[in-house]
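**Student:** Can you read through this structure? Questions will come right after.
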Amino acid sequence: MSLLLTGIGLLATQDQSAAQHPGEIADAALLIAGETIGWLGPAAQAPAADDAIDLGGRCVLPGFVDSHAHLVFAGDRSQEFAARMTGRPYTAGGIRSTVAATRAASEDQLRANLTRLAAELHAAGVTTFECKSGYGLDVDTEQRSVAIAAEQTPEVTFLGAHVVPAGIDRDDYLDLVCGPMLAACAPHARWVDAFCEQGAFDVDESRAVLEAGIAAGLRPRLHANQLTAGGGVALAVELDAASADHCTHLSAADIDALAGSDTVATLLPLVEFSTRSPYPDARGLLDAGAEVALATDCNPGSGFSTSMPLAIALAVREMRMSPAEAVYAATAGGARALRRNDIGRLAVGLRADLTVLDAPGYLHLAYRPGVPLVHRVWQSGREIPLGPAIPG
Ligand SMILES: [Zn+2]
């Protein structure tokens, strides 16, 4: 079966290799052939198809790629958020309250919570999301977390090194993470991550965790330089991590290191928004030639939002990214941060992951902040019904 989408007011492919650089086609059409894109171009040249849908002049983008999210957990930290808004700073320690709730939750509860958040992500135009463990912090709950995540996405990350949980010696916990916990989680995961930060794990501890993960067949990514300008970014580059995430506090050497590497700087402005923190230096990164991704970091503590459109609006308003740079970072940049070539762009042969905006162009994502502009979503050639989230 083939489906021709016509009436595309603006097709923003994010395909920088396209002849019509920067990959924007007005009055376009796109052919979905099975799970992939069979053709795209000016509507006047569109081929015949089994079926057709007129999108009425709307804008079509690649589905957003959310390359950083923590979605397997239980509990609620809205009181912590409220306290923070009246002056209490964010620290890494609040994670432990989510750990207690997650350990106490049933597998069905954790699965239902993840399903609800996945539906929210789809409604926000996301067609690929990464999902981390890290709220179990014992072998059983971490294993359960990655297994549940793997039911919904191939981009599963083992984050046993989130914080040291209460009631265990620090060195004993690191031995557990690098030994039995990794062995239990690696079969369900593609990535290994650590929270390299004051109050969590230092550079040497993070290196030990990532190297153990690499030895177990996982690929590295790293929470780096969120709260302080430590050595996380340098470590991520040293290990050829796919992504250094947060990058809120960067030295000039960090920016140079990222620009000279294949490690993507993944920026998470919803966290700065929700923790009332300074935003990362996106301009410095982009102007130096570093690859930048935008992701939600959806998590119950430091930023509980699934809204890639709001992340884009913040990147434009607060971080001085152009709307085109922000949309690229939320699609092709996210794909780079997951080392994926089949998503994040629209081109013949790539996966038919599409987000249709109820707007004539992508500028509206920043121009109309907070307005639900996602109109329809296709994932691997199938339209995802966008209903209200299932009650949790
Ligand atoms: Zn995170």
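**Student:** Got at least one residue in the stretch 250-263 being among the hydrophobic types (A, V, I, L, M, F, W, C), buried (at least 22 other Cβ atoms within 10 Å of the Cβ) and within 16 Å of the ligand (Cβ to nearest atom)?
**Tutor:** no
**Student:** In the stretch 365-381, what residues are out of contact with any Gly (no Cβ under 8 Å at 6 or more places or on another chain) and in a strand (DSSP E or B)?
**Tutor:** Correct list: His375, Arg376.
**Student:** Being among the hydroxyl-bearing types (Ser, Thr, Tyr) and away from the ligand (no atom under 16 Å from the Cβ) narrows it down to one residue among Thr98, Thr102, Thr127; which is it?
**Tutor:** Thr127
**Student:** Going by what's in this entry, would Glu197 be described as in contact with a strand residue (DSSP E or B) (Cβ under 8 Å, 6 or more places away or on another chain), in contact (Cβ under 8 Å) with a residue 40 or more places away in the chain and outside the structural domain of Thr355 (by TED's automatic domain parsing)?
**Tutor:** In short, yes.
**Student:** A follow-up question, please. When the stretch 61-91 is examined, which residues are found to be within 20 Å of the chain's Cα centre (by Cα) and either closer than 29 Å to Ser2 by Cβ or loosely packed, with under 15 Cβ neighbours inside 10 Å (or both)?
**Tutor:** Matches in the stretch 61-91: Leu61, Pro62, Gly63, Phe64, Val65, Asp66.
**Student:** Still on this structure, please answer the following. In the stretch 333-351, is there at least one residue being farther than 30 Å from Ile8 by Cα, charged (D, E, K, R) and in contact (Cβ under 8 Å) with a residue 60 or more places away in the chain?
**Tutor:** Within the stretch 333-351 (the criterion being farther than 30 Å from Ile8 by Cα, charged (D, E, K, R) and in contact (Cβ under 8 Å) with a residue 60 or more places away in the chain), the answer is no, since none of the residues qualifies.
**Student:** Of the residues Leu346, Leu357, only one is more than 30 Å from Gly136 (Cβ to Cβ), crowded, with 20+ Cβ neighbours inside 10 Å, in contact with a helix residue (DSSP H, G or I) (Cβ under 9 Å, 6 or more places away or on another chain) and hydrophobic (A, V, I, L, M, F, W, C); which?
**Tutor:** From the options Leu346, Leu357, the qualifying one is Leu357.
**Student:** Take residues that are more than 14 Å from the ligand (Cβ to nearest atom) and either of a type in the set (Phe, Trp, Tyr) or in contact with a Ser or Thr (Cβ under 9 Å, 6 or more places away or on another chain) (or both) and tell me which of the helices (runs of 4 or more DSSP H) falling wholly in the stretch 141-225 contain 1 or more.
**Tutor:** Counting at least 1 such residues, we get 170-176, 182-185.
**Student:** Filter the stretch 264-285 for residues that are touching a residue at least 60 places away in the same chain (Cβ under 8 Å) and either hydroxyl-bearing (Ser, Thr, Tyr) or within 14 Å of the ligand (Cβ to nearest atom) (or both); which is nearest to Asp245 (Cα to Cα)?
**Tutor:** Looking at residues that are touching a residue at least 60 places away in the same chain (Cβ under 8 Å) and either hydroxyl-bearing (Ser, Thr, Tyr) or within 14 Å of the ligand (Cβ to nearest atom) (or both), I get Thr266.
**Student:** Hey, another quick one. Is it the case, given these coordinates, that Phe304 is among the aromatic types (Phe, Trp, Tyr), within 14 Å of the ligand (Cβ to nearest atom) and within 30 Å of Leu110 (Cα to Cα)?
**Tutor:** Spelling it out, Phe304 is indeed among the aromatic types (Phe, Trp, Tyr), within 14 Å of the ligand (Cβ to nearest atom) and within 30 Å of Leu110 (Cα to Cα).
**Student:** Still on this model: Taking the stated definitions as given, is Ala216 surrounded by fewer than 18 Cβ atoms within 10 Å (Cβ to Cβ), touching a helix residue (DSSP H, G or I) at 6+ places or on another chain (Cβ under 7 Å) and small (Gly, Ala, Ser)?
**Tutor:** So Ala216 passes the test.
The rows are residues; the columns are (1) in the same structural domain as Val371 (by TED's automatic domain parsing); (2) at pLDDT 95 or above; (3) assigned to a helix (DSSP H, G or I).
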{"residue": "Leu71", "(1), (2), (3)": "no, yes, no"}
{"residue": "Glu80", "(1), (2), (3)": "no, no, yes"}
{"residue": "Arg88", "(1), (2), (3)": "no, no, no"}
{"residue": "Gly94", "(1), (2), (3)": "no, no, yes"}
{"residue": "Thr102", "(1), (2), (3)": "no, yes, yes"}
{"residue": "Ala112", "(1), (2), (3)": "no, yes, yes"}
{"residue": "Thr127", "(1), (2), (3)": "no, yes, no"}
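**Student:** Would you confirm whether any residue within the stretch 17-24 is under 30 Å from Glu272 (Cα atoms), surrounded by fewer than 24 Cβ atoms within 10 Å (Cβ to Cβ) and either touching a residue at least 24 places away in the same chain (Cβ under 8 Å) or touching a Phe, Trp or Tyr at 6+ places or on another chain (Cβ under 7 Å) (or both)?
**Tutor:** Checking the stretch 17-24: at least one residue is under 30 Å from Glu272 (Cα atoms), surrounded by fewer than 24 Cβ atoms within 10 Å (Cβ to Cβ) and either touching a residue at least 24 places away in the same chain (Cβ under 8 Å) or touching a Phe, Trp or Tyr at 6+ places or on another chain (Cβ under 7 Å) (or both).
The values are calculated or read from the model by the stated rules, or taken from the named source; none is laboratory data. Here the structure is a predicted model, which is why all the values come from computation and not from measurement. Neighbour counts are summed over all protein chains in view; Cβ atoms, including those assigned to glycine, are modelled from backbone coordinates with ideal geometry.
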